[in-house]
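Asks: Below is the structure I would like to discuss, written out as structure tokens.
The values are calculated or read from the model by the stated rules, or taken from the named source; none is laboratory data. The structure presented is a predicted model; accordingly, all values stated were derived computationally and were not measured. Glycine also receives a Cβ, built like all others from the backbone with ideal geometry; neighbour counts cover every protein chain displayed. Side chains are part of the model used for accessible areas, which takes the heavy atoms of the whole protein and leaves out ligands, DNA and RNA. Shrake-Rupley method; radii C 1.70, N 1.55, O 1.52, S 1.80 Å.
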Amino acid sequence: TCRVFDMWKESCDTKKARMCGRLPMSKSQLEDRLCWQVAIAGLPAPTREFRFHPARRFRADLAWPDCKLLVEIEGGIWMKKGGHNTGSGITRDIEKGNLMTMLGYRLIRVTSMMINSGKALSIIEEILSDETTIRDEQESQ
């Protein structure tokens with residue numbers, strides 16, 4: 001497990017900590033949790049609801065615009081019928097992801113399980129640390 005996840009569990013009492021990972025959460029609660037993990041890890045704060053396209057209304061859940069990193073939280077994927085698991089919802093998500101790529105962004109898609117386990121934070125940490133290393137190398141040349 002990730003150190004931030006362990007800290008989160010310690011911040012809850014034992015019974016609540018067991019429940020926290022099992023209760024369904026809204027997308028904004030998942031965003032709050034991931035932002036909290038990012039802050040505790042000492043990473044730069046993301047921009048929330050980042051409008052990445054100059055003409056379209058699409059927004060990324062979390063973004064580090066300077067690093068061209070976008071995070072989409074896939075909430076409600078186990079629902080029988082939701083906005084992201086219907087044919088039109090999947091098509092819209094594909095279009096959105098393709099636009100992100102065409103504009104030079106890196107897209108990370110995460111689930112509630114990845115946030116709760118600390119895996120989402122680990123991925124973000126790795127990408128941001130690689131980006132910092134690349135910038136430091138470029139500045140030293």
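Asks: Being of a type outside the set (D, E, K, R) and within 18 Å of T91 (Cα to Cα), is that true of even one residue in region 34-50?
Replies: For region 34-50, residues of a type outside the set (D, E, K, R) and within 18 Å of T91 (Cα to Cα): absent.
Asks: Here's a follow-up. Assuming A55 fulfils every condition listed in (1) at pLDDT 95 or above; (2) of a type in the set (A, V, I, L, M); (3) open to solvent by 70 Å² or more (accessible area, probe 1.4 Å) apart from one, which condition is it?
Replies: (1)
Asks: I've got another one for you. Starting from region 55-69, keep only residues that are more than 15 Å from C35 (Cβ to Cβ), then list their pairs with residues that are modelled with pLDDT of 95 or more and of a type in the set (G, A, S) whose Cβ atoms are within a distance under 6 Å, requiring at least 6 positions of separation or different chains.
Replies: That search, which allows pairs on different chains as well, returns K68/G104.
Asks: Okay, next question. For region 37-50, which positions are hydrophobic (A, V, I, L, M, F, W, C) and surrounded by 15 or more Cβ atoms within 10 Å (Cβ to Cβ)?
Replies: Scanning region 37-50 gives V38, I40, A41, L43, F50.
Asks: In addition: Does region 85-105 hold any residues that are over 19 Å from A55 (Cα atoms) and not polar (S, T, N, Q), and which are they?
Replies: Matches in region 85-105: G87, G89, I90.
Asks: Just to be sure before I move on: is D61 at pLDDT 75 or above, open to solvent by less than 20 Å² (accessible area, probe 1.4 Å) and either outside any helix (DSSP H, G or I) or farther than 21 Å from Q29 by Cα (or both) in the structure I sent?
Replies: yes
Asks: Determine if region 68-89 includes at least one residue that is part of a helix (DSSP H, G or I), open to solvent by 50 Å² or more (accessible area, probe 1.4 Å) and modelled with pLDDT of 90 or more.
Replies: No.
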